[in-house]
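Heads up, the thing below is written out as structure tokens.
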Number of protein chains: 2
Amino acid sequence: MNQLLQISACAVTLLLSTSFMAQGQVKEDFVPSTKNHPGKEYPMVNSQGYARFKVDAPEAKSVTVTLGLGGSGGTKLEKQADGSWMGTTAGPMDEGFHYYHLIVDDGTFNDPGTLNYFGSCRWESGIEIPAHDRDFYALKDVPHGNVQQVLFNSPSTGTHQRAFVYTPPEYGKSNKKYPVLYLQHGWGEDETAWSSQGHANLIMDNLIAEGKIDPFIIVMTYGLTNNVKFGTIDSFDAKEFEKLLIDELIPYIDANFNTIPDKDHRAMAGLSMGGVETKLITTRRPEVFGYYGLLSGGTYAPEDLKDSGVKLAFISCGSKENPEGVTAAAKALKDAGYNAVSYVSPGTAHEFLTWRRSLYQLAPMLFK
Amino acid sequence: MNQLLQISACAVTLLLSTSFMAQGQVKEDFVPSTKNHPGKEYPMVNSQGYARFKVDAPEAKSVTVTLGLGGSGGTKLEKQADGSWMGTTAGPMDEGFHYYHLIVDDGTFNDPGTLNYFGSCRWESGIEIPAHDRDFYALKDVPHGNVQQVLFNSPSTGTHQRAFVYTPPEYGKSNKKYPVLYLQHGWGEDETAWSSQGHANLIMDNLIAEGKIDPFIIVMTYGLTNNVKFGTIDSFDAKEFEKLLIDELIPYIDANFNTIPDKDHRAMAGLSMGGVETKLITTRRPEVFGYYGLLSGGTYAPEDLKDSGVKLAFISCGSKENPEGVTAAAKALKDAGYNAVSYVSPGTAHEFLTWRRSLYQLAPMLFK
């Protein structure tokens, strides 16, 4: 047998065994995704992380789900005898939350089975692959803080902008004043992200109930990210958002909520492009924020923090992103004498489980 | 010419002229609906109330919009040279908000051009035909109250239920206590309806800014309506919701917000099936609420209010619903000595403009 034949035989064996394993391994313990529409059975997820989709469109020529294994181009559904279209991902998906949509006859639609989540500059379908550590963002029988929609006047953008404000369970029952974390979403998302797919409120409720943090307020607003074309992010300077945040939103929050309105009780953090904004704004305006967090959103070098008086620089990402860069950046900051902490979310990429976990790590370190 | 021929000729003339009028009358001043996805051009609406739809699905066999003139079965879109599907309603739609969805190749999908609104037990597409009186629910440069998401413990349903609480702009700046309106959605909707498609918060902000009402709180929760089959509503007794509302939600609100916790400062109102709930619960528990509102949700007879101590019974509907019934019911109540008020929304049916207008009428009469 020559070498080529050997390789071919190997490849065939490998393909067959992979196929056999994939088939044999799919456990039939599928349950509806927790992000489904009330009462909808599909999409479903199993205990291994496979996702299974079912869409009714009897007269369609083709239905594809944009979610699938990396590089697979999504999951093509097959027509069933009852006129529906079904399919299962070719393998287990990463734990956590994923955006996706359907391609039906070359048109873009959402899966009617799921709730919608604002990402990729549109309300997308969403699915949740149960994470092994999902308890930290679960809805539990503990006291719950509120998430308030506020509409604040923004002369610089010529309109009223919306923010969501998390207040801890005890808020308002005394005149106690609280620190504030300004927490930004990423490109294509908006002010709804952190309290919807991010579960920031439940993460805080649980941390407070377990006595792991002193309560604080979180403010989430739209970072003016979505008119920026993706290829031009390098030239993005966040100057418009800096004005909105520092001249308009922060004064509104300090005037209307029980805050401690100083640098040592004010933090800024953001995910992805929200991290880019955090770095740009904290380095230009070090007098405003005392604690910084970049979640899959770049790193600080020691020279960025010179004379900043920063109390904590938190830098995180998923293990499938740039973990070495994040770890090395935090080490360089620590070597230069800064209080820097890195965190790498195991087994996740540039998605929301990375950021939920990052917030869970960051929150207990703030305002100490 | 015999009679039959005469009639036929008339019919042809009528058809031609109707067609000509419809064609000739459609003003080409279409603008994007205010309920669209950020940046999306379609669906569009014109100044006459026509709606125009455009959906990309190059390989689809058929695309129909469920919205159209009454009895028309919706609006069938026609395939365009660029692969998109387009169509315009056969005539002007009623002013205000309408739910709809698409039928693409016999499958149910939402229009990717619009935001989603929970109605008909699903997140539906939504479109807004500009109303001539839309100013009263417009977002204006006035002080804005907040809408807070609260999660309250509900032992009777075995979970934490969600409510949205509107607090007026001045709320929390002093220890002032406020009356509370408990305001219910209709069948197929949920706790998001009144502050989303209902614009209850903006209606209140504007009424307060104009000095037309004394500020009060509004609480909106899920009325446990959607597991009730539509044909069985006559046997619906709202006993489960009564327990949740009176034993769980009201004590939570009174413990966590600055309320005046008595009957004379507590109102209940609801639209459609929320009106049915309001009637059932207010008549069984007259000691809890002092002001009642049925919005397209039935009427009270004088015997329903016997010994209730009710301060106001407000009954409303759209002019295309049962205006005579509503007006007659209020007259009978007044003749029996009750403070009853009827309101008929001009030119609207069983839809949200009727209910926005009803809230605008009701709010100034509460807690007097």
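For the reader, a short list of remarks on this structure follows.
- Comment: the Cα-to-Cβ extended label point of A:Asp82, at 7 Å, lies 3.9 nm from its counterparts in the other copies, nearest first.
- Mean sequence separation of contacting Cα pairs (under 8 Å, at least six apart), scaled by the length of chain B, corresponds to a relative contact order of 12 percent.
- Percentage relative contact order, the stretch A:27-130, counting C-alpha pairs under 8 Å, at least six apart: 29
- Within chain A: Cβ-based charge dipole about Cα centre, in debye rounded to nearest 20 (Lys, Arg +1; Asp, Glu -1): 440
- Calculated FRET efficiency for the pair B:His350/A:Glu59, C-beta based, R₀ 30 Å, to 0.05: 0.45
- Gaussian network model of chain B, springs between alpha carbon atoms under 10 Å - residue of B:Arg357, B:Arg285, B:Arg162 with greatest fluctuation: B:Arg285
- Hydrodynamic radius by Kirkwood, which averages 1/r over all alpha carbon pairs of the stretch A:186-345, in angstrom: 16.5
- Simple rule: put +1 on each Lys or Arg Cβ and -1 on each Asp or Glu Cβ in the protein assembly as shown, find the dipole, and look at B:His144, B:Val326, A:Asn227; the Cα lying farthest toward the positive end is B:His144.
- Full-stretch length increase - A:Thr159, A:Asp133 - with 0.36 nm per residue and alpha-carbon distance subtracted: 5.3 nm
- Of B:Lys229/B:Lys306; B:Lys140/B:Lys173; B:Lys279/B:Lys368; A:Lys61/B:Lys229; B:Lys35/B:Lys279; A:Lys212/A:Lys334, those spanning more than 28 Å from alpha-carbon to alpha-carbon: B:Lys229/B:Lys306; A:Lys61/B:Lys229; B:Lys35/B:Lys279
- Here's the list of aspartates and glutamates a cross-link from A:Lys27 could span, going by alpha-carbon distance under 20 Å and ignoring same-chain residues fewer than 8 apart: A:Glu41, A:Glu78, A:Asp94, A:Glu95, A:Glu128.
- The DSSP beta bridges internal to the stretch A:264-368 are antiparallel in roughly 0% of cases.
- Dipole in debye (nearest 20) - the protein assembly as shown, about Cα centre, beta carbon charges: Lys, Arg +1; Asp, Glu -1: 720
- Considering only B:Val26, B:Gly113, B:Thr354, the residue lying farthest towards the positive end of the dipole of chain B is B:Thr354, judged by Cα position with unit charges set on Cβ.
- Cα-based Rg of the stretch B:26-129 normalised by 2.2 N^0.38 Å, two decimals: 0.98
- The stretch B:201-279 and the stretch B:56-132 have their alpha-carbon centroids 32 Å apart.
- Here the stretch A:115-253 is treated as a sphere whose radius is the Kirkwood value from Cα pairs; by Stokes-Einstein at 4 °C and 1.567 mPa s it diffuses with a coefficient of 79 µm²/s.
- Taking other C-beta atoms within 10 Å as the exposure proxy, B:Glu124, B:Glu78 rank B:Glu78, B:Glu124 from fewest upward.
Only the coordinates and a few stated rules stand behind these numbers; no lab work does. All values derive from a computational prediction rather than experimental measurement. Every residue, glycine among them, receives a Cβ derived from its backbone with ideal geometry; neighbour counts consider all protein chains shown.
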